[in-house]
Amino acid sequence: MRIGLKDVAKRAEVQVSTVSLVLNEHPKSLTFTQKTRDRVRQAAKELGYQPNAAARALAWATAALASARR
């Protein structure tokens, strides 16, 4: 079974968006307390979370296409 952002969020007791921001080290993740960021990272580590390469590639391609259309 593949571990996803929802699984990490449930373990860390936070929203999926929080997990995404923290694990991607987005600047907005700094709005969360250090305790919350640590809790998310710890949950990801305990569950053995690995980013989905296909989803990441799709997101990158979608973003690149969107910016090319501007």
Candidate set: the stretch 14-38, residues that are part of a helix (DSSP H, G or I) and in contact (Cβ under 8 Å) with a residue 12 or more places away in the chain; chosen: the one farthest from residue 59 (Cα to Cα): 36
How many residues does the stretch 40-60 contain that are at pLDDT 95 or above and farther than 17 Å from residue 18 by Cβ? 1
Just checking, which of 41, 11 is basic (Lys, Arg) and touching a residue at least 24 places away in the same chain (Cβ under 8 Å)? 11
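The values are calculated or read from the model by the stated rules, or taken from the named source; none is laboratory data. Bear in mind the structure is a predicted one, so any value in this text is a computation, not a measurement. Positions of Cβ are generated from backbone atoms using ideal geometry, with glycine treated the same way; all protein chains shown enter the neighbour counts.
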